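Quick one: the structure is below, questions incoming.
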C-alpha cells in the first residue's frame, strides 16, 4: 500500500456525501473543537494581516511560492495547523481519545510502506508512527513514539534543509542518541562556470530526463514531469539538494552527471 493524494481527496468527497456536510464543518465538529485545536482548520486564501504566512523557496534569496487553491487538495493537504496543535492531536489519537483501540491498531499496521493514514517511522531501535506533508513551499512532520510517550511536530513555510535531517537532530536530542552536526559550508561558483553544466541529461538506468538550467547564480534541476529544485554547490563539480537528499556530480569533459539519492547511484549523459 502506498500513500495517494488522490485517494485522500476521494475520502473527503465520501465524507461530505455521507454526512451531507462540508469537510470544514466535519473537521471542526469531530476533531478540532473536541480537542481544543484552536489553530487548526481547513485553509483558505492566505491573509497575512491575520498572522497567516505565505510560503517560500530559496534560490539565491527567499522567493514566494505560488499559492494553491485549497478547494483542490482538501483532505490531501488543505488543513492549516501549528506544531502545538499537531502534538495535541497526536496525544489524543494515540491515547485512544479519538478512535477505538482496534481502529487505531489498523492505522498502525502498514501493508507494505503505508498503513491507514500513518507511516511507520524507524529511529535507531525505536519505532514511531506519523506522517509528513507538503504543499507549495509549506512542509510539515508529526510523529509519535510509544517509548517515552513522545510526540514531535514541525511546520515550515520555507525550507532550505532536509526536514528529515532536522527531525533526526531533534529526536537524537530527545532520546540521547549520537548526532553529528552537518557542515553548512557552501562553494561559490561563477555564472560562467555554472553554464558549463546546462543541458538535458538522460540515463540508461532510469526512464527520466533531467534538465539543468540556471537562475542567476543558482543551478536549477527538473526531472521529467516533476517540480524543479535548486542545487547548492558544495565543491567543484558537486551539488546537492538537501530537502530530497540528492547529490549530483558533473564531469564536463565526458559530459556526464552522476545522481545519488537514497543509496542509489545513477549515471546520466548530456544529450
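The values are calculated or read from the model by the stated rules, or taken from the named source; none is laboratory data. Quick caveat, the model's predicted, so the values are computed rather than measured. FYI the Cβ positions are ideal-geometry reconstructions off the backbone, even for glycines, and counts take in every protein chain you see.
Would you be able to say whether some residue in segment 242-249 is without any contact (Cβ under 8 Å) to a residue 40 or more places away in the chain and loosely packed, with under 12 Cβ neighbours inside 10 Å?
No, because not a single residue in segment 242-249 is without any contact (Cβ under 8 Å) to a residue 40 or more places away in the chain and loosely packed, with under 12 Cβ neighbours inside 10 Å.
Looking at segment 1-24 only, could you name the residues that are without any contact (Cβ under 8 Å) to a residue 40 or more places away in the chain and assigned to a loop (DSSP other than H, G, I, E, B)?
Hits for segment 1-24 are 4, 20, 21, 22.
Hey, residue 143 hits all of (1) at pLDDT 95 or above; (2) farther than 25 Å from residue 80 by Cα but one; which does it fall short on?
Unmet condition: (2).
Ok, one more. Restricting the search to segment 116-133, which residues are closer than 23 Å to residue 74 by Cα and surrounded by fewer than 18 Cβ atoms within 10 Å (Cβ to Cβ)?
Passing the criteria: 116, 117, 119, 131, 132, 133.
Which one of these is part of a helix (DSSP H, G or I) and in contact (Cβ under 8 Å) with a residue 12 or more places away in the chain: 139, 90?
Only one candidate qualifies: 90.
Quick one: is residue 158 touching a strand residue (DSSP E or B) at 6+ places or on another chain (Cβ under 7 Å) and assigned by TED's automatic domain parsing to the domain that holds residue 86?
Yes, satisfied.
Applying the selection to segment 134-155, what residues are more than 15 Å from residue 64 (Cβ to Cβ), touching a strand residue (DSSP E or B) at 6+ places or on another chain (Cβ under 6 Å) and crowded, with 16+ Cβ neighbours inside 10 Å?
139, 140, 141, 142, 143, 144, 145, 151, 152, 153, 154, 155 - these are the residues of segment 134-155 that are more than 15 Å from residue 64 (Cβ to Cβ), touching a strand residue (DSSP E or B) at 6+ places or on another chain (Cβ under 6 Å) and crowded, with 16+ Cβ neighbours inside 10 Å.
Conditions tested, residue by residue: (1) surrounded by fewer than 18 Cβ atoms within 10 Å (Cβ to Cβ); (2) within 18 Å of the chain's Cα centre (by Cα); (3) at pLDDT below 90.
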{"residue": "45", "(1), (2), (3)": "yes, no, no"}
{"residue": "50", "(1), (2), (3)": "yes, no, yes"}
{"residue": "60", "(1), (2), (3)": "yes, no, yes"}
{"residue": "64", "(1), (2), (3)": "yes, yes, no"}
{"residue": "71", "(1), (2), (3)": "yes, no, yes"}
{"residue": "83", "(1), (2), (3)": "yes, yes, no"}
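Right, here's the next one. What's the number of the condition residue 221 fails, among (1) farther than 19 Å from residue 91 by Cβ; (2) touching a helix residue (DSSP H, G or I) at 6+ places or on another chain (Cβ under 7 Å); (3) surrounded by 15 or more Cβ atoms within 10 Å (Cβ to Cβ)?
Going through the list (1) farther than 19 Å from residue 91 by Cβ; (2) touching a helix residue (DSSP H, G or I) at 6+ places or on another chain (Cβ under 7 Å); (3) surrounded by 15 or more Cβ atoms within 10 Å (Cβ to Cβ), residue 221 breaks only (2).
Output the number of residues of segment 171-181 satisfying the condition of being closer than 30 Å to residue 219 by Cβ and surrounded by 12 or more Cβ atoms within 10 Å (Cβ to Cβ). Please lay out each step first, then the result.
First, the residues of segment 171-181 that are closer than 30 Å to residue 219 by Cβ: 179-181.
Add one more test, that the residue is surrounded by 12 or more Cβ atoms within 10 Å (Cβ to Cβ), and what stays is 179.
Residues that pass the stated criteria total 1.
Follow-up question, since we're still on this one. Of all the residues that make up segment 226-244, how many are on the phi > 0 side of the Ramachandran plot and modelled with pLDDT under 90?
Residues in segment 226-244 being on the phi > 0 side of the Ramachandran plot and modelled with pLDDT under 90: 0 in total.
Being assigned by TED's automatic domain parsing to the domain that holds residue 143, loosely packed, with under 13 Cβ neighbours inside 10 Å and closer than 30 Å to residue 217 by Cβ, is that true of even one residue in segment 12-23?
Checking segment 12-23: not a single residue is assigned by TED's automatic domain parsing to the domain that holds residue 143, loosely packed, with under 13 Cβ neighbours inside 10 Å and closer than 30 Å to residue 217 by Cβ.
Which number in (1) assigned to a strand (DSSP E or B); (2) farther than 28 Å from residue 133 by Cβ; (3) in contact (Cβ under 8 Å) with a residue 40 or more places away in the chain marks the one condition that residue 214 misses?
All conditions pass for residue 214, except number (3).
Kindly list, by first and then second residue, each pair from a residue in segment 94-117 that is assigned by TED's automatic domain parsing to the domain that holds residue 142 and without any contact (Cβ under 8 Å) to a residue 60 or more places away in the chain to a residue that is surrounded by 14 or more Cβ atoms within 10 Å (Cβ to Cβ) and in a strand (DSSP E or B), limited to pairs with Cβ atoms under 8 Å and residues at least 6 apart or on different chains.
From residues that are assigned by TED's automatic domain parsing to the domain that holds residue 142 and without any contact (Cβ under 8 Å) to a residue 60 or more places away in the chain, the pairs are 94/129; 94/144; 94/151; 107/129; 108/120; 108/129; 117/131.
Considering only residues that are in a loop (DSSP other than H, G, I, E, B) and over 23 Å from residue 142 (Cβ atoms), which ones fall in segment 25-66? Spell out the reasoning first.
Keep residues of segment 25-66 that are in a loop (DSSP other than H, G, I, E, B), which gives 36-40, 43-47, 51-55, 60, 65-66.
Result: 45, 47, 60, 66.
Another question, then. Being over 22 Å from the mean Cα position of the chain (by Cα) and farther than 24 Å from residue 62 by Cβ narrows it down to one of 201, 187, so name that one. Give the steps one after another, and end with the answer.
Details: 187 fails: farther than 24 Å from residue 62 by Cβ.
Residue meeting the stated conditions: 201.
Here's something else I'd like to know. Please specify each residue of segment 240-261 satisfying the condition of being outside any strand (DSSP E or B) and touching a helix residue (DSSP H, G or I) at 6+ places or on another chain (Cβ under 9 Å).
Passing the criteria: 242, 243, 245, 252.
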